[in-house]
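Colleague: First the structure, then my questions, so here it is.
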Amino acid sequence: MAISKTSAVVLSDQIDKKQVKYLNKDYSEFKKNLVDFSKFYFPDTYQDFSDASPGSIFIDMASYVGDVLSYYTDNSFKESLLAYAEERENVVAIAQGLGFKPRLTSPSFCKVALSALVPADSDGNLDTRFLPRIAAGSSFGATTQFDAGTFLTDDICDFGDSENRTVQIFSLDGGTDLPSTYIVTKICKVVSATTKTLEYNVGSPTKFLKIAVTDDNVVEIQSVVDSEGNTWYEVDNLSQDYRFEDVLKSPIGSTTAPLYTIKSVKANRRFITRLNRNNKIELVFGSGTGDLSDVYENPDYKSVYDQQYLQNMTNVSLDTLNFTNSNSFGLAPGNTTLTITYRVSNGLRSNVPSGTISKIVNINTLNETRTLSASDLATFNTMVSSITVINEEPATGGLNNPTTEQLRQSAIGFVNAQGRIVTTQDYENRVLSMPSKYGAVAKAFAMKDDAISDIEKFTKAAEGTRRTASVDDDILYVTDDAVNNNINLYMLGYDSDRRLTVLNNDVKTNVKKFLKGYRMMTDRINILDAFRVSIGVNYTIVTYRGFNSYEVLAKCSDAVSKYFDIDNWNINQPILMDDLLLTIATIEGVQSVTNIDVVNKYQQRNGRDYAPYSYDVSSDGGNRSNNIIYPSTDPCIFELRYPENDIVGTALQ
């Protein structure tokens, strides 16, 4: 009896505390564990576990349900991970949640040559009154077997601007033999796109109003304007309170002045774009009423934090893009009609070959014609009707709707970059990517503010112990000073002759405002002018017999000129004399290079404006070692400013 009583106690404990295994994943595991569970906990209730028994049917059904639920649990978890999701809808949703904006399609880009017959004045010179200014949005067509869509100009194409413009005599006056007509050609950029509009009637204000654009190949939303004339602006996210506004600025006074300056403007009427579940572009508007004050030109970073942040620093994050403390996420439109202007593109079909963009669809000019006389107006209209277009290069960049895998990889790359400036290379790349309308930065170099002083300290210490120092002695030069987060950003631009020059204050101000939305809050940027070192090259060669010495010299000088092409040189790049020598030695007809030297050119000489700084590049100077000419401690760039005059070659035979 005692043994039976003890057994009853153990059985009761087992029934109250049944062990359930949660590691089952598939049908066979579920069935095996259900059978074991029944045998262990219900040995007297059911004992027939053959496949034909009624009990096995219920165990099979439970195993089936468990297997299905296990699959959907695993699949749901997998679909929540960007790296492993397979459903396109899930990849898009996760990517957009991380801030990435997928595109339905991508347009193609290319340069076209616009030519016009412009009359000459009474002296035979080009009459600048009739040089056209073609408005942005002028459209052209391509002659292809399939519909490539239209190509639009994104910027004003001003024939009065001499950059990327050629002028040739087209005809002469029979009486005076002076030019009567010129053919003027201007290179402009075009994008494959067609502009469309959509009107949407909005009733009472709705929080986070969503408007879907029904076209499948939308490239961008150009503008949203309500019936009261208010403009709604696209932002990266609805919590972003500001935007950059372009303010037209006259470029007169400096060859490097920008066309526009950047102005920080509060954007209360704002929206974001995203892809919805139907793979359509969807506009999402704000949710509140907000403050209607718009302009604040100098946002204060002190306003980024508030009392909530000071009281609970661990849970409240700072946003360097958010200059105001608004919780409304922008205005919600109501009782109005929104006119949405957007662009569509034909994707891959817009990648047309060269010579196919030759049709004028629509040209709008911005010239002031009200002051022209009737005869001059007729001449102007004749000039406009003579405009032709041709693309000398193929249009490239057009893509159709990206695949799911392309979306995934693009989103992963975006998340890793985070749109922030972290390294010095990030600063350089971000500055060089600034739109040219704000001023073109040709060269950029970033370094820590304390890097120069560290180099000087290391150099002095190394010079003092050069004879006795071991390979491990450099650890003595490492200091443990306070962290200096200042970044020195050295920049240069081009003048109208594509020679290096310093940038004016307008461009520097634009760079400062352009970087505000990307830099780390703890970084302070010092925008400085890089130094220019003007150089010349002298060389002597021995040519093979049978070769014309003058032709060989011309080829060598051309090779040196290409070697020092300013597009190939960056700030703080050294001159490798061995590479320069090899460049000359490989020219056909050169037997040997007996001498090659780089000399410094500075100040005004023979009417040429060299850099004002003298820099020792001589063979026995302190800046040359082991056939390498090193840049200065303060970042500089070497420039062969006048290759037609400063490359001097001598040929012996």
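Colleague: Can you tell me which of (1) modelled with pLDDT under 90; (2) touching a Cys at 6+ places or on another chain (Cβ under 7 Å) is the one I134 doesn't meet?
Modeller: (1)
Colleague: Check A378 against each of (1) within 30 Å of K516 (Cα to Cα); (2) surrounded by fewer than 13 Cβ atoms within 10 Å (Cβ to Cβ) and name the one condition it does not meet.
Modeller: Every listed condition holds for A378 apart from (1).
Colleague: Only residues that are open to solvent by 50 Å² or more (accessible area, probe 1.4 Å), assigned to a loop (DSSP other than H, G, I, E, B), touching a residue at least 60 places away in the same chain (Cβ under 8 Å) and of a type in the set (S, T, N, Q): list them for the range 381-409, please. Spell out how you get there, then give the answer.
Modeller: Step one: of the range 381-409, the residues open to solvent by 50 Å² or more (accessible area, probe 1.4 Å) are 381-382, 385, 388, 390, 392-394, 396, 399-401, 403, 405-406, 409.
Those still in the list that are assigned to a loop (DSSP other than H, G, I, E, B) too: 392-394, 400-401, 403.
Add one more test, that the residue is touching a residue at least 60 places away in the same chain (Cβ under 8 Å), and what stays is 392-394, 400-401.
Once the filter is applied, which keeps residues that are open to solvent by 50 Å² or more (accessible area, probe 1.4 Å), assigned to a loop (DSSP other than H, G, I, E, B), touching a residue at least 60 places away in the same chain (Cβ under 8 Å) and of a type in the set (S, T, N, Q), the range 381-409 yields N400, N401.
Colleague: Quickly run through the range 261-278 and pick out the residues that are part of a loop (DSSP other than H, G, I, E, B) and within 17 Å of Q240 (Cα to Cα).
Modeller: A267, N268, R269
Colleague: Taking the options F208, F146, name whichever one is over 30 Å from A395 (Cα atoms), among the hydrophobic types (A, V, I, L, M, F, W, C) and surrounded by fewer than 17 Cβ atoms within 10 Å (Cβ to Cβ).
Modeller: So the residue among F208, F146 that is over 30 Å from A395 (Cα atoms), among the hydrophobic types (A, V, I, L, M, F, W, C) and surrounded by fewer than 17 Cβ atoms within 10 Å (Cβ to Cβ) is F208.
Colleague: Here's another thing I want to ask about it. What number of residues within the range 520-561 satisfy the criterion of being among the basic types (K, R) and closer than 26 Å to V431 by Cβ? Write out each step before concluding.
Modeller: Here is the first cut: in the range 520-561, the residues among the basic types (K, R) are 524, 532, 545, 555.
Remaining after also requiring closer than 26 Å to V431 by Cβ: 524, 532.
Residues that pass the stated criteria total 2.
Colleague: Let me spell it out: the conditions are (1) buried (at least 16 other Cβ atoms within 10 Å of the Cβ); (2) modelled with pLDDT under 90; (3) β-branched (V, I, T), and V92 meets all of them except one. Which number is the exception?
Modeller: (2)
Colleague: Does the range 24-48 hold any residues that are open to solvent by 90 Å² or more (accessible area, probe 1.4 Å) and charged (D, E, K, R), and which are they?
Modeller: K25, K32, K39, D44
Colleague: Tell me whether the range 506-514 contains one or more residues that are free of Cβ contacts under 8 Å to residues at least 60 places away in the same chain, open to solvent by less than 70 Å² (accessible area, probe 1.4 Å) and not hydroxyl-bearing (S, T, Y).
Modeller: Checking the range 506-514: at least one residue is free of Cβ contacts under 8 Å to residues at least 60 places away in the same chain, open to solvent by less than 70 Å² (accessible area, probe 1.4 Å) and not hydroxyl-bearing (S, T, Y).
Colleague: Oh, and also: Check the range 23-36 and report whether any residue there is more than 24 Å from N75 (Cα to Cα), of a type in the set (A, V, I, L, M, F, W, C) and at pLDDT 75 or above.
Modeller: Yes, the range 23-36 has at least one match.
Colleague: While we're here: Of the residues that sit in the range 356-371 and are under 30 Å from the mean Cα position of the chain (by Cα), among the β-branched types (V, I, T) and outside any strand (DSSP E or B), which one is surrounded by the fewest Cβ atoms within 10 Å (Cβ to Cβ)?
Modeller: It comes out as T356.
Colleague: To continue, here is another question. Kindly check whether there is at least one residue in the range 304-311 that is modelled with pLDDT under 50, touching a Phe, Trp or Tyr at 6+ places or on another chain (Cβ under 9 Å), open to solvent by 30 Å² or more (accessible area, probe 1.4 Å) and acidic (D, E). Before the answer, list the steps.
Modeller: Restricting attention to the range 304-311, the residues satisfying the condition of being modelled with pLDDT under 50 are 304-311.
From what is left, the residues that are touching a Phe, Trp or Tyr at 6+ places or on another chain (Cβ under 9 Å) are 304.
Those left that are additionally open to solvent by 30 Å² or more (accessible area, probe 1.4 Å): none.
No.
Colleague: Filter the range 427-451 down to residues that are modelled with pLDDT of 80 or more and open to solvent by less than 50 Å² (accessible area, probe 1.4 Å), then give me how many there are.
Modeller: Within the range 427-451, residues that are modelled with pLDDT of 80 or more and open to solvent by less than 50 Å² (accessible area, probe 1.4 Å) number 10.
Colleague: Considering only the range 82-89, I want to know if a residue exists there that is assigned to a loop (DSSP other than H, G, I, E, B) and charged (D, E, K, R).
Modeller: Checking the range 82-89: at least one residue is assigned to a loop (DSSP other than H, G, I, E, B) and charged (D, E, K, R).
Colleague: A further question on this structure: Mind checking which strands (runs of 3 or more DSSP E) fall wholly inside the range 131-248 and carry at least 3 residues that are touching a residue at least 40 places away in the same chain (Cβ under 8 Å)?
Modeller: In the range 131-248, 139-142, 150-153, 179-192, 194-202, 210-212, 218-226, 242-248 are the strands (runs of 3 or more DSSP E) which contain 3 or more residues that are touching a residue at least 40 places away in the same chain (Cβ under 8 Å).
Okay, residues lined up against (1) open to solvent by less than 70 Å² (accessible area, probe 1.4 Å); (2) at pLDDT below 90; (3) of a type in the set (S, T, N, Q):
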position: S204; (1), (2), (3): no, no, yes
position: I221; (1), (2), (3): yes, no, no
position: N230; (1), (2), (3): yes, no, yes
position: T261; (1), (2), (3): yes, yes, yes
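Colleague: Identify the single condition in (1) closer than 30 Å to N279 by Cβ; (2) free of Cβ contacts under 8 Å to residues at least 12 places away in the same chain; (3) surrounded by fewer than 12 Cβ atoms within 10 Å (Cβ to Cβ) that Q19 does not satisfy, given that it satisfies every other one.
Modeller: So the condition that Q19 fails would be (1).
Colleague: Would you say S108 is crowded, with 19+ Cβ neighbours inside 10 Å, among the polar types (S, T, N, Q), in contact (Cβ under 8 Å) with a residue 24 or more places away in the chain and under 18 Å from G347 (Cβ atoms)? Reasoning before the result, please.
Modeller: Working: crowded, with 19+ Cβ neighbours inside 10 Å: yes; among the polar types (S, T, N, Q): yes; in contact (Cβ under 8 Å) with a residue 24 or more places away in the chain: yes; under 18 Å from G347 (Cβ atoms): yes.
So S108 passes the test.
Colleague: Here is a follow-up. Return yes when S63 is over 28 Å from D236 (Cβ atoms), buried (at least 16 other Cβ atoms within 10 Å of the Cβ) and touching a residue at least 40 places away in the same chain (Cβ under 8 Å) and no when it is not.
Modeller: no
Colleague: Please work out if L82 is buried (at least 16 other Cβ atoms within 10 Å of the Cβ) and either closer than 30 Å to Y46 by Cβ or under 28 Å from the mean Cα position of the chain (by Cα) (or both).
Modeller: The answer is yes for L82.
The values are calculated or read from the model by the stated rules, or taken from the named source; none is laboratory data. Bear in mind the structure is a predicted one, so any value in this text is a computation, not a measurement. Because the Cβ atoms are built from the backbone with ideal geometry, glycine has one as well, and the counts that use them run over all protein chains shown. Ligands, DNA and RNA are stripped out before the accessible areas are found, and what is left, the full protein with its side chains, is counted by its heavy atoms. Shrake-Rupley method; radii C 1.70, N 1.55, O 1.52, S 1.80 Å.
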